Amino acid sequence: MSSDAGSPPRHLHVAEVFLAALDNLREMLVGAVVVLIAGGQSPGFGLVLGLIGLVIALVAGYVRWSHTTYWVSGSALHFRTGVLSPDDTSIPLGRIQAIDGIQGPIQRLFGVQALHVQTAGGGSEGEIVLRAVADDEARGLRGVAGLPDPGELDLPEWRLRAGPLLVAALTAPQLGVLLPLVGALAAGGDNLLSDDQGERLLDELPRDVAGIALLAAVAAGATLLLSVLGGIVAFAGFTLVRDEDRLRIRRGLLQRRTASLPLARVHAVDVVEGVLRRPFGLASVRIETAGYRKERTAAQTVLPLVRTRDVPRLLAELMPALALDGGPEPLSRPPGRARRRYALPPALAAALLGVALTLALPSAWPAIPALALVGTSEGLLRHRAAGWRDDGHHLVIRTRVLARRTLIARVDRLQEHGTSASLLQRRARLADFQTAVGSGRTGRVRHLEADAARSLFERLRPPASIR
């Protein structure tokens with residue numbers, strides 16, 4: 001495939017027919033289920049309906065495949081798809097920063113891969129997505145764009161092995177897996193409880209504290225199991241390689257993803273020490289870039305599980321621009337007199353939760369002081385964790401809301417920063433400091449000495465010549 005003479009339009013691999021058919025089947029499935037349930041049809045009718053739907057989906061997939069082409073011409077990659085009103089996309093080859101590969105079950109079956117063509121500012125979803133491309137075609141396309149093929153690299157890699165993978169899955173809830181499931185269960189529960197059988201089921205549920213606690217424990221156990229499975233699916237086979245000025249990431253069990261990220265796009269990293277990880281000195285590291293601001297956590301994660309003490313060394317090796325000058329020196333902290341201001345809000349919120357629980361279940365009144373004590377402890381831990389540091393090149397902000405998070409940002413990539421103070425804070429000569437990077441991630445330290453907050457703001461103010 002040559003960019004000088006151009007190449008004729010090419011179809012995707014025939015695997016695209018089956019990928020498109022699956023898309024069509026998913027769209028038809030809901031309607032088919034509604035017809036079967038509402039019409040009370042026999043299983044035989046459902047089988048016939050399914051076969052007809054399968055044929056329609058395959059025909060539609062073939063039509064879609066036959067009207068989808070891509071080619072290189074005029075120093076640009078062109079993509080066209082659509083039957084009645086085709087959509088055309090062109091990207092100059094010089095703008096292509098990465099061509100990421102993904103292999104789902106269908107792609108692996110046919111020995112092909114999906115290519116996501118990335119430009120500056122893009123996320124994990126490319127501006128052009130070629131869902132079924134043979135390996136030799138993928139190598140040719142990367143060669144035309146001046147990008148190396150990931151399979152040809154022989155570089156030292158950081159790998160998440162089986163033991164750490166299991167620990168990562170056990171200690172990090174996969175909300176991207178849980179939330180859709182919760183939504184589906186809620187919708188199904190609403191339908192179930194709307195009839196007489198649902199009302200009888202509600203009458204049979206336990207109404208004492210022990211019974212409710214048992215139901216909650218069963219639900220929590222099922223949620224944890226699904227979360228662990230989600231973590232294994234997301235991070236199985238995780239490897240990270242630094243290839244000169246870019247990071248190359250490979251991960252996924254059911255869907256193998258290969259991503260390439262230019263280091264110049266990384267504005268900051270977020271070191272997250274979860275509730276279950278911090279006691280063992282463990283953390284994960286996420287990247288903060290403008291292109292990945294709307295992506296799920298798994299797409300932002302560059303180190304799923306590391307020892308916290310190893311983070312400075314790994315940053316120096318993998319992302320030198322974010323290596324802290326002088327190493328992990330202690331952070332400046334809010335004054336001791338701000339301790340009660342950290343403790344009071346979570347204590348009140350927890351006590352109100354206890355009051356609401358008591359109104360629903362009077363025998364649960366001991367929860368009020370117990371939850372208030374838990375909230376107070378959380379607030380004091382937030383005060384203890386809060387801190388900041390500015391070495392002239394990097395801004396470090398550490399906060400805690402259950403998990404402790406440390407934002408390490410390049411000063412030259414800060415999008416904004418400022419101070420704020422309520423009336424009560426001004427009377428106490430305290431102020432908040434907040435900043436934001438290009439990904440939208442914000443860092444905020446509350447209840448600093450007002451003079452310290454103003455001094456930090458002035459140090460980070462850009463010179464007048466570039467404002």
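What to note about this one:
- Anisotropy class of region 229-277 from Cα gyration tensor, a/c 1.5 cut: oblate
- Using the Cβ-Cβ distance between Val411 and Leu29 with R0 set to 60 Å, the FRET efficiency from 1/(1 + (r/R0)^6) comes to roughly 0.70.
- Estimated FRET transfer efficiency when R0 is 22 angstrom, pair Ala370-Leu402 (beta carbons, to 0.05): 0.80
- Dimensions (Å) - region 320-463, Cα atoms, principal axes, largest first: 61, 36, 26
- Rounded FRET efficiency, nearest 0.05, which uses the C-beta distance separating Arg10 from Ala236 and R0 of 35 Å: 0.60
- Here each label is just a point 7 Å from Cα along the line to Cβ, and for His393 and Gln255 those points are 3.8 nm apart.
- Anisotropy class of region 48-149 from Cα gyration tensor, a/c 1.5 cut: prolate
- Each peptide among 132-138, 404-410 gets the average number of other Cβ atoms lying within 10 Å of its residues, and from highest to lowest they stand as 404-410, 132-138.
- Long-range HN-HN contacts of Arg257 with modeled amide H, under 5 Å: Gln103, Arg251, Gly252
- Cβ crowding within 10 Å averaged over residues, with 453-460, 80-87 ranked highest first: 453-460, 80-87
- Linear extension gain, Asp149 paired with Leu276, 0.36 nm per residue minus alpha-carbon span: 41.9 nm
- Gap separating the Cα centres of region 57-121 and region 398-466, nearest whole Å: 43
None of the figures in this text is laboratory data; all of them are computed from the coordinates on show. In this text, all values refer to a predicted model and were calculated from it rather than measured experimentally. Here Cβ is always computed from backbone atoms with ideal geometry, including for glycine, and neighbour counts include all displayed protein chains.
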